[in-house]
Amino acid sequence: MRRRLLEFALLGTGVMFAAAAQAQVPRTDSVAGATVYFIQPQDGATVKSPFKVVMGLSGMGVAPAGVDQPETGHHHLLVDLDKLPEENQPIPTDDHHRHFGKGQTETSLTLPPGKHTLQLLLADRNHISHRPPVFSQKITIDVAP
């Protein structure tokens, strides 16, 4: 029983330290009026995989991940997500969260046939969304077979 209590206490302490470390990650301020948007494809477009995605940004600059330059960020493409990632956490890397940490502004994307949603989210050098977040309108595309 004592051992169980000790294990629980140690686990709780570890969780508190992890939460404190995450809370200390500073968020980068965005520029008022900054916008991120799709140049290509357009909302409602029918495309065939692979298709070209061109990302636009106004009011801020693009810089690779890890580069500490004021008023910049890099693109993340959110595929088929219902909500934005947590604002004070690094954006995950998976099929739904595509990173462009080298500062890319276009890509070739392959998706299975059917309807898909796409949204852009700008993030700072640490892959954390700005304060306030800079994100695009969500668009819907239809990928033809």
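FYI, it's all coordinate maths here, none of it is from the lab. Remember, predicted model here, so these are calculated numbers, not experimental data. Cβ sites come from the backbone with ideal geometry, for glycine too, and all protein chains shown count toward neighbours.
Counting only lysines at least 8 places from residue 52 when in the same chain, those with an alpha carbon closer than 18 Å to its own are 102, 115, 138. Expressed as a whole number of Å, what is the distance separating the alpha-carbon centroids of segment 28-59 and segment 85-113? Measuring centre to centre over Cα atoms gives 12 Å.
Across segment 81-87, coupling constants 3J(HN,Hα) worked out from phi with the 6.51/-1.76/1.60 Karplus curve, θ = phi - 60°, read 10, 7, 9, 5, x, 3, 5 Hz, and Gly and Pro carry x. Karplus-based coupling profile of segment 72-79, in residue order and whole Hz: 10, x, 9, 7, 9, 9, 9, 10, with θ = phi - 60° in 6.51 cos²θ - 1.76 cosθ + 1.60 and x standing for Gly or Pro. Close amide H partners of residue 63, meaning residues 5 or more places away or on another chain with modelled amide H under 5 Å apart, are 73, 74. Please give the residues of segment 125-145, grouped as numeric ranges, whose backbone N is less than 16 Å from a label point set 7 Å along the Cα-to-Cβ vector of residue 43. Counting backbone N atoms under 16 Å from the label point, the list is 135-142. The amide H of residue 125, built 1.01 Å from its N in the peptide plane, has 66 as neighbours under 5 Å, considering only residues 5 or more places off or on other chains. Along segment 94-110, what does the Karplus equation 6.51 cos²θ - 1.76 cosθ + 1.60 (θ = phi - 60°) give for ³J(HN,Hα), rounded to whole Hz, x for Gly and Pro? Per residue, the Karplus-derived 3J(HN,Hα) values read 6, 5, 9, 10, 9, 9, 10, x, 8, x, 5, 10, 8, 7, 9, 10, 10 Hz.
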